[in-house]
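The values are calculated or read from the model by the stated rules, or taken from the named source; none is laboratory data. Everything numeric here is computed off the predicted structure, so don't read it as measured data. Heads up, the Cβs are rebuilt from the backbone with ideal geometry, glycines too, and the neighbour counts pull from every protein chain shown.
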Amino acid sequence: MFHDMMPGTEEHLRTAAPITGYIGFDPTAPSLHIGNLATIMLLVHLQRAGHRPMALVGGATGMIGDPSGKSAERNLLDEEALRRNQAGIQAQLEKFLVFDDSPTGALVVNNYDWFKDFGFLGFLREVGKHLTVNYMMAKDSVQKRIGITKTVGRINDITDKASTYLDDAIELIGEGQIDEAIKELQFARGILALTQKLTEPDFEKKSEEFGEVFKGGIWENLEESGLSYTEFSYQLLQGYDFVHLFRTYGCTLQMGASDQWGNITTGTELIRRMGGELTEGAQQPAKAYALTGQLITKADGTKYGKSETGTVWLDGSLTSPYQFYQFFLNAADADVPRLIRVFTLLTKEEIEALEAEHAEAPHKRILQKALAEQVTTRVHGPAAYEAALAASQVLFGGGELASLDEATLLDVFAGVPRVEVPRADLAEMNVISLLSEATGGVIFPSKGEARKMMQAGGVSLNREKAAPEQLATDVTPLLGQYIVAQKGKKNYFLLKLV
């Protein structure tokens, strides 16, 4: 999990226990997602090592947006929405951290609380004077954003930028911001169009030639897609978060993913430069530390954390426990050894034993099942895990369909063809007609084909073998309205009686 740390951090952790360390979380959604899990686990290990973990909900900075990962500024949220999101995030963190009054009890704070009454002039006077523009400009997150127009002629940079816009679009769709997602997709399409028209040697010439193509569209957006003052100030605001927590709670460590290194070290530098103001006459200067974890990527180097349907949330109402379980269960063999070390608290010995067992029979997916069980149980609870496991076994292990509630049933068969059948028609047909004519040929194109497969024992309705002479009314619908039709071993269909 470890990526980097400031000199002296290890000694500080070892000799100054319990210290207080924090990580910031974006509150622009009511739930965290699995991309946050690696940083949550940093806090878990911090607390297990005898220190005090603190989660900072960025109610103020979340209104602006971190320039290191986004291509556009975020929408402002009102205070009520921020508080609601903070409550949801804290509820999720309580599944991982121990919140109590002990010296190592976890805390959740919101930087909106100390920024909402901090005037612009006061902030410039108290904080802004301590960091130079040169220092702030040198940060990678700033350089990447202001350098877009200089590097856009290089094909690799163009495709990387398009990928970022596509990732943003997927995330926005998951958050229900469809209009914003469409804009991101338009940007990506425009950028990819450049790769067909521009080559590096004569970029300047061709950029003028094709400039009209993008007038008022992607070209204009690229020319103006540098960094606003609002986003430029982000690192100063995040740096002051560390100052406030240092001053108020004695917090001496900030952690985060490796892409946050620049913002984190801005905080340690601000604390150093404001040392006299913070230590109030103490003999030793103010000292703070930074530690980052690795970004969790797949074996092929791509971002980890999204499924085919978008962001995988920790909130069961946004990503069901079954979908959550399936996401980890479907982890690639190349990825799962790292994931099980990062996302679980299994010991080294336990993991190595699972790996040995997995190596003997990879098709049994021993590692994936252990990972999915550990994470699903932690996030959603034992009962939700058992339900997800039962639902999974319905497809692959012959579990009982009748044990599923409606939401899980629909989750299990989310990707199969669905057909609505008028309930009143059932009284006049047998199962052959039901699976051919009544379903518009979706399951069987003809009665003859349906009869032939039934006679061979290849058709099941709600896990029961169907017979050619069977009446449609003899099939008991699941939950009073669903029939799961199975054709052969792998072809499923969901019938809904209406």
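Here are a few things to note about the model shown:
- Flag if L497 is within 30 Å of Q326 (Cα to Cα), at pLDDT 85 or above and under 38 Å from the mean Cα position of the chain (by Cα): yes
- Of the residues making up segment 420-448, those that are surrounded by fewer than 17 Cβ atoms within 10 Å (Cβ to Cβ) and touching a residue at least 60 places away in the same chain (Cβ under 8 Å) are E420, P422, R423.
- One residue stands out among those in segment 460-495 that are part of a loop (DSSP other than H, G, I, E, B) and basic (K, R): the one that is farthest from P417 (Cα to Cα), which is R463.
- Scanning segment 411-424 for any residue that is farther than 18 Å from N491 by Cβ, within 40 Å of the chain's Cα centre (by Cα) and in a helix (DSSP H, G or I) turns up at least one such residue.
- Inter-residue pairs, beta-carbon under 6 Å, first over 16 Å from V342 (Cβ atoms) and in segment 354-375, second among the hydrophobic types (A, V, I, L, M, F, W, C), 6+ apart: E357/I366; H358/I366; H358/L367; I366/L354
- Qualifying residue in segment 26-36 (condition: at pLDDT below 95, part of a helix (DSSP H, G or I), touching a strand residue (DSSP E or B) at 6+ places or on another chain (Cβ under 9 Å) and buried (at least 19 other Cβ atoms within 10 Å of the Cβ)): yes
- Residue ID - nearest to the chain's Cα centre (by Cα), chosen from residues in segment 94-113 that are crowded, with 16+ Cβ neighbours inside 10 Å and touching a residue at least 60 places away in the same chain (Cβ under 8 Å): F96
- Helices (runs of 4 or more DSSP H) wholly inside segment 211-302 that include at least 3 residues being at pLDDT below 75: 218-223, 275-279
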